[in-house]
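Below you'll find the structure, written out as structure tokens, and then a few comments.
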Amino acid sequence: MKFEDLLSEINGFGRFQKMVLCINFFGRFSLACHFLLGNFIAVIPSHHCSISSLDVDEIFENLTQEERLTVSIPVQDDGTPASCHMFSYPQFHLLSNFSSPSEVAVVQCQNGWEYDNSTFISTLATQWDLVCDKRALSRLTTTIFFIGVMFGAAAFGSLSAMFGRKPMLLVSHMLGMGFGLCSAFSSSFIMFAVLRFFTGFTITGSVIISTILNVEWVSIKHRKLVGVIDSLSWTFAFMSFPLVAYFIRDWRWLTVAISLPTVTAIITWWWVPESARWLIANGRVDKAHYYLHKCAVMNRKKEVVVSIKPENLAKIIVIDRGNRKYSYLDLVRTPKMRKLALLTGITWFAVATVAYGISFNISSFGLNRYLTQFVYGAIEIPAKLSIYYLLDKFGRRITQAGSLLFVGIMARTVIAVLGKGCSATSFGTVILYSSELYPTVVRQNGMGYNSFVARLGVSVAPLILLSDDVWNHFSQVILSSLGLSAAFVAYLLPETRGRCLPETIEDVEGISLQVQDLRIKMS
């Protein structure tokens, strides 16, 4: 008997599985919001040099605000006050319509800046004057956060494979919320940047662990439905976040507002089961029997588990009985695993880079940033619902390759919304697809590795957008090329539709345990 057969007998998508899915669905709200936080707290509002100190002698007393700016701040080509320079002394002659400021000496801002607070009460830039020469530091926090996510994915992928899904999920929730709240009360930019790194490092565990738990507890025919619902949790957060950000315009309180909901995830964690597959694969059959019994009771199939003894569960997943410990090295020890790691890694990198390249470029769409972010989230609903039909009709491989192909074609700003929809389809597919490709013994390592590569792509996305300074459409060409290239790579992956999840590396390689051991010893 295979594990899928046992799951089917106790109802592979009963009340137990729906409970796990709901808990993980709402538990991921904070994570998705943190991914987009930089789009709002790292904004640099319109600003100009502060001129308040020039009025100490009340020389501006009879001037309007517009006239004060005219005599103090040079004008840019678009007619707005310069952001980083001011006149070395007031130029009252400029109040004459016939005067020209071309010969007037200018200096850098001497007494700080004044900011336009009509949209944002406070951002990182206004908090620590991250403008002019320090302008890049504001956006750098996004890259720092995703570097943390990148290393956190690798760490939690390994730790959850060693210590189990459930305990590391709690660690991720608690530390992620803790670092998120602490970052909101940072007293310096350096402190904030460090805390944002650790927020990303710890919070990422919740997404890769919850995804694996959802997939490992459902039967074959329900995996695609679970994959769609799982990915819609991100859409729910992406649509809700701009509404939260619209009403909370201060960066500190916005950070608090998206960190606190993790309390719900921590409370409901007590009802999250450990993965029975992982327990069996690690020889803990008594604990696996306990959770399977809970599942059967909740699904009203208690009689099925009563007839199965804990010692019989060890026969369901045949593993190496030498207490072998698996690691990331097992992803590259054997030929087919190496190929799998290479192909999925390239696919995840391209999917993440293109998806977030479009998401981070919300200011170029020509709409209010709150509305644009909402539209980007809303377009994911039909895109992700289509996954359910596409996976059944065409399979994982064609859906993955096809969605990436359309992303590559539609990554231009003019049709960025359609490109965002296709990238959502691609992202939703690749998460389910990859979890089905990797065997149980290294599934968490595989997802950790892929998430690591994906976050590397997300970290690169802001840099790709900066290439528009060289040529206006450069970033679009890069994103399109990535999507088209990854479509070809994804097509080389094996199909998993209707197949049992592989349990061991031998299942992937199609070779006997003895041959596998011999190859490891010779390598």
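The values are calculated or read from the model by the stated rules, or taken from the named source; none is laboratory data. A quick note: this is a predicted structure, and the numbers were derived from the prediction, not measured. Ideal geometry is used to build each Cβ from the backbone, glycine not excepted, and the neighbour counts take in all protein chains shown. All accessible areas refer to the heavy atoms of the entire protein, side chains included, with ligands and DNA or RNA removed. Shrake-Rupley method; radii C 1.70, N 1.55, O 1.52, S 1.80 Å.
Scanning segment 463-474 for any residue that is open to solvent by less than 10 Å² (accessible area, probe 1.4 Å) and in a helix (DSSP H, G or I) turns up nothing.
Those helices (runs of 4 or more DSSP H) of segment 193-268 in which at least 2 residues are within 17 Å of the chain's Cα centre (by Cα) and of a type in the set (Val, Ile, Thr), considering only elements entirely within it, cover 205-216, 223-247, 251-259.
Can you work out which of the residues in segment 162-175 that are assigned to a helix (DSSP H, G or I) and out of contact with any Gly (no Cβ under 8 Å at 6 or more places or on another chain) is farthest from residue 329 (Cα to Cα)? Once the filter is applied, the top-ranked residue is 174.
Is segment 368-388 home to any residue that is modelled with pLDDT under 75, in a helix (DSSP H, G or I) and surrounded by fewer than 15 Cβ atoms within 10 Å (Cβ to Cβ)? Within segment 368-388, not a single residue is modelled with pLDDT under 75, in a helix (DSSP H, G or I) and surrounded by fewer than 15 Cβ atoms within 10 Å (Cβ to Cβ). Regarding residue 285, is this residue over 22 Å from residue 208 (Cβ atoms), in contact with a His (Cβ under 9 Å, 6 or more places away or on another chain) and open to solvent by less than 40 Å² (accessible area, probe 1.4 Å)? No, not satisfied. The residues listed here are 205, 148, 180; of these, the one that is open to solvent by less than 40 Å² (accessible area, probe 1.4 Å), under 30 Å from residue 290 (Cα atoms) and out of contact with any strand residue (DSSP E or B) (no Cβ under 8 Å at 6 or more places or on another chain) is 205.
Annotation note: of 430, 442, 460, the sole residue that is modelled with pLDDT of 80 or more, over 21 Å from the mean Cα position of the chain (by Cα) and assigned to a helix (DSSP H, G or I) is 442. Within segment 143-157, identify whether any single residue is of a type in the set (Ser, Thr, Tyr) and within 16 Å of residue 202 (Cα to Cα), and answer yes or no. Yes - at least one qualifying residue is present in segment 143-157. Only one entry of 229, 248, 280 meets the criterion of being touching a residue at least 12 places away in the same chain (Cβ under 8 Å), in contact with a Leu (Cβ under 8 Å, 6 or more places away or on another chain) and open to solvent by 40 Å² or more (accessible area, probe 1.4 Å), and that entry is 229. In the set 158, 83, only one residue is in the same structural domain as residue 67 (by the TED database), among the hydroxyl-bearing types (Ser, Thr, Tyr) and surrounded by 15 or more Cβ atoms within 10 Å (Cβ to Cβ); that residue is 83.
Taken together, the residues in segment 124-151 that are under 17 Å from residue 195 (Cβ atoms) and outside any helix (DSSP H, G or I) amount to 1. Pairing residues of segment 484-501 that are within 15 Å of residue 218 (Cα to Cα) with residues that are in a loop (DSSP other than H, G, I, E, B) and open to solvent by 10 Å² or more (accessible area, probe 1.4 Å), at Cβ distances under 8 Å and at least 6 apart in sequence or on separate chains, gives 500/2. Being modelled with pLDDT of 85 or more and either aromatic (Phe, Trp, Tyr) or in a helix (DSSP H, G or I) (or both): is that true of residue 347 here? Taking the combined requirement at face value, the residue satisfies it. Comparison of 194, 215 shows that the only residue that is among the β-branched types (Val, Ile, Thr) and free of Cβ contacts under 8 Å to residues at least 12 places away in the same chain is 194.
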